[in-house]
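Visitor: Structure in structure tokens, see below.
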Amino acid sequence: MWPENMHAVSLFLAMETQWVWVSSMAGACRVGLQYSSLSVVMPAIAAELPEHLQQAQPGRLLAQLRTLELAALEAMNAE
């Protein structure tokens with residue numbers, strides 16, 4: 001993993017319990033992450049990172065998180 005992605009990957013892994021599920025007659029599937037949880041999870045993750053990684057730009061971090069989220073959704077919902 002590239003060091004510049006460490007914060008985003010740590011955040012994504014910390015959000016593992018924050019998936020939003022939708023159920024239908026066809027079954028259940030994940031539709032995305034619960035972004036309201038970010039206000040709690042982001043500061044906790046930042047505190048665990050090396051100092052030089054704690055200053056991630058929020059917009060860039062969110063873009064990285066969304067990229068990870070979309071890739072995970074594609075893989076999980078393909079099953």
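Visitor: With n ≥ 4 as the cut-off for DSSP H runs, can you work out [θ] at 222 nm for the chain, using -39500 (n - 2.57) per run divided by the number of residues, rounded to the nearest 500?
Guide: Numbers: 3 runs with 40 residues, N = 79.
One gets -16000 deg cm²/dmol as the mean residue ellipticity at 222 nm.
Visitor: Let me spell out the model: positive unit charges on the Cβ of Lys and Arg, negative unit charges on the Cβ of Asp and Glu, origin at the Cα centre of the range 3-77. What dipole size does that give, in debye rounded to 20? Intermediate values should be presented prior to the final figure.
Guide: Values: 3 positive and 6 negative charges, 43 e Å.
That gives a dipole near 200 debye.
Visitor: Can I ask one more? Percentage of Cα-Cα pair distances in the chain greater than 18 Å, rounded to whole percent? Could the numbers behind the result be given before it?
Guide: Details: 1294 of 3081 pairs.
Roughly 42 percent, rounded to a whole number.
Visitor: Could you give me the percent of Cα pairs per 10 Å distance bin for the range 1-44, shortest bin first, beginning at zero and ending with the bin that holds the maximum distance?
Guide: 25, 42, 24, 9, 1
Visitor: For Ala26 and Ala63 in the same chain, what is the full-extension length gain: residue separation times 0.36 nm, less their Cα-Cα distance, in nm? The partial results should precede the final answer.
Guide: Working: separation 37, 0.36 × 37 = 13.32 nm, distance 3.07 nm.
Length gained, Ala26 through Ala63: 10.2 nm.
Since every read-out is calculated from the coordinates, none of them should be taken as a lab result. Here the structure is a predicted model, which is why all the values come from computation and not from measurement. Every residue, glycine among them, receives a Cβ derived from its backbone with ideal geometry; neighbour counts consider all protein chains shown.
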